[in-house]
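Everything on this sheet refers to the single structure shown next.
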Amino acid sequence: MKKILTLLLAIISLNLNAQEIEHYFQQIRNNPAKLAAFFAQMPKGGDLHHHYSGSVYAESYIKWVIEKNYFINKKTLQVAVKIPDNDIMWKSFSELRNSGKLDSIKFVLIQKWSIKDYNQVSYPSDRLFFEAFGNFDIASQLNVDSGLLEIKARAKAEHVSYIETILSPISNPINKIKTGADFDAKLEQLQLIQDSTETQKLLFKSYDQLKNQDMVQAANQFCTSTSRLHNSLGVDDSLFTMRYQTSVLRFETPMNFFTSLILAFEAANRSSLIVGVNIIAPENNEVSMRDYWLQMQMFRFCHKIYPKVKYSMHAGELCLGMVKPEDLTWHISSAIYDAGAMRIGHGLDIPYENHSYNLLKYMHKKHIPVEINLSSNEFILKIKGANHPITLYKQFGVPILICTDDAGVLRTNLTEQYVLVATRYPEFSYNDIKTIVYNSIYYSFIKEASVRKKLTADLDRDYRCFEKEVLSDR
Ligand SMILES: [Zn+2]
């Protein structure tokens with residue numbers, strides 16, 4: 001009897017705490033500074049949608065190319081290992097340092113490699129964003145160990161216990177893995193008439209040729225190098241866990257895309273650290289748009305061959321004005337119904353999808369979450385505030401995840417993403433936000449049940465502590 005009474009008192013006190021926190025949250029929800037302090041300390045579980053190279057800050061990339069004493073073109077700000085021609089505009093970083101010009105070059109390089117100081121006028125924001133990746137590509141190849149530790153340290157500092165980082169595509173030993181050149185043309189023909197049955201048959205035929213020793217070796221090598229790096233750095237510790245997704249580029253030719261996709265699935269099928277596959281690069285690119293249907297068919301095929309591999313898909317990262325209106329009507333639907341996506345990245349064009357209410361109901365019923373990236377959507381597509389469909393997803397009970405996408409390029413963090421949710425969308429209560437945080441572990445692609453269980457238990461513990469502190473210290 002005494003035990004039951006103690007338990008009842010504990011439950012009552014927890015409920016009172018929850019009510020008090022909710023009350024405090026409602027008081028501060030229009031004050032970004034107070035919210036930033038609140039969310040900076042709040043346990044945030046996981047960040048399930050972010051890209052490694054876009055998450056490292058430009059300052060680190062710049063430091064690394066300076067340490068290597070690479071060369072920079074003072075006019076274009078292109079960076080290279082060697083001077084590509086005799087152009088006098090190329091200088092090494094040490095020459096710049098000696099002539100006292102290094103600081104000014106660093107200043108403009110940050111603006112070129114991120115959105116810092118962007119004035120909304122001089123250049124299209126989506127181009128600036130996507131070109132940044134090409135601009136710092138040479139630097140992002142360096143010091144991946146330091147880069148991983150940087151994003152880990154940043155996550156831990158803002159009480160994020162798990163991150164699922166999207167890595168670049170696995171380098172494709174394309175010279176070794178070859179299929180008949182005529183596959184591309186045949187696939188494009190089948191795409192024109194959207195013949196799913198024949199496409200699947202043809203994919204099976206090409207898979208037969210692709211799946212050879214070279215393919216297995218390339219996938220194995222990727223898994224081994226990832227796990228060696230992960231373990232040697234001690235990335236996982238008692239307070240933090242990191243897992244990886246591998247990815248494929250949308251603008252590849254059909255067979256290159258398919259080869260890359262098979263490699264990605266093969267790797268994700270072999271390693272406990274590679275927990276998923278994703279599809280990356282601008283969705284409005286000409287090839288991405290042309291081959292979207294075909295690429296969904298390829299995911300569908302891979303799911304049959306590798307039924308255990310999870311995949312999240314950037315889908316519907318489009319808006320009115322960016323593409324023709326009819327192109328806004330089917331990408332999320334196809335990612336879900338044709339390709340079988342387990343999570344949707346962005347999902348911005350949902351209001352324009354055919355039968356969008358049915359699609360939203362389906363996502364709710366099948367527990368297919370949407371990964372929301374507010375700063376990214378605002379910068380690249382100019383979709384923010386009431387124009388953002390986050391409230392539509394909420395209305396239909398679609399599980400929501402809050403993520404950063406590219407915190408380095410966008411110069412943001414996860415705390416700021418939660419501040420944006422609270423200030424812009426009054427329909428989200430503190431309790432809703434807590435549910436979003438728990439979603440980030442529940443809908444993660446973590447393979448080991450024990451790890452997921454531990455992260456959930458850690459969240460319980462950390463919330464008890466956080467709520468107690470807020471109530472006593474505010
Ligand atoms: Zn993304």
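The figures follow:
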{"quantity": "Which listed residue, of Thr391, Thr412, Thr404, is at pLDDT 95 or above, under 24 Å from Phe38 (Cβ atoms) and more than 16 Å from the chain's Cα centre (by Cα)", "calculated": "Thr391"}
{"quantity": "Check on Phe258, under 29 Å from the mean Cα position of the chain (by Cα), part of a loop (DSSP other than H, G, I, E, B), in the same structural domain as Glu164 (by TED's automatic domain parsing) and touching a residue at least 12 places away in the same chain (Cβ under 8 Å)", "calculated": "no"}
{"quantity": "Those residues of the range 414-460 which are of a type in the set (Lys, Arg) and assigned to a helix (DSSP H, G or I), in sequence order", "calculated": "Arg424, Lys434, Arg452, Lys453, Lys454"}
{"quantity": "Options Thr456, Thr404, Thr435, Thr423: the member that is among the polar types (S, T, N, Q) and over 24 Å from Val275 (Cβ atoms)", "calculated": "Thr423"}
{"quantity": "Any strands (runs of 3 or more DSSP E) falling wholly within the range 27-123 and containing at least 3 residues that are more than 30 Å from Asn431 (Cβ to Cβ)", "calculated": "71-73, 90-92"}
{"quantity": "Leading residue by the ranking (farthest from Phe265 (Cα to Cα)) among those in the range 307-326 that are at pLDDT 95 or above and in a loop (DSSP other than H, G, I, E, B)", "calculated": "Lys324"}
{"quantity": "Flag if Phe301 is more than 16 Å from the ligand (Cβ to nearest atom) and aromatic (Phe, Trp, Tyr)", "calculated": "yes"}
{"quantity": "Residue that is most open to solvent (accessible area, probe 1.4 Å), among those in the range 44-94 that are among the acidic types (Asp, Glu) and at pLDDT 95 or above", "calculated": "Glu67"}
{"quantity": "Residues satisfying the stated conditions in the range 337-380, i.e. free of Cβ contacts under 8 Å to residues at least 40 places away in the same chain, away from the ligand (no atom under 16 Å from the Cβ) and under 16 Å from Tyr443 (Cα atoms)", "calculated": "Met363, His364, Lys365, Lys366, Ile368"}
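The values are calculated or read from the model by the stated rules, or taken from the named source; none is laboratory data. Everything numeric in this text was worked out from a predicted model, so none of it was measured. Here the Cβ is made from the backbone with ideal geometry for all residues, glycine too, and neighbour counts use every protein chain on show. Note: accessible area is taken over every heavy atom of the protein model, side chains too, but ligands, DNA and RNA are not part of it. Shrake-Rupley method; radii C 1.70, N 1.55, O 1.52, S 1.80 Å.
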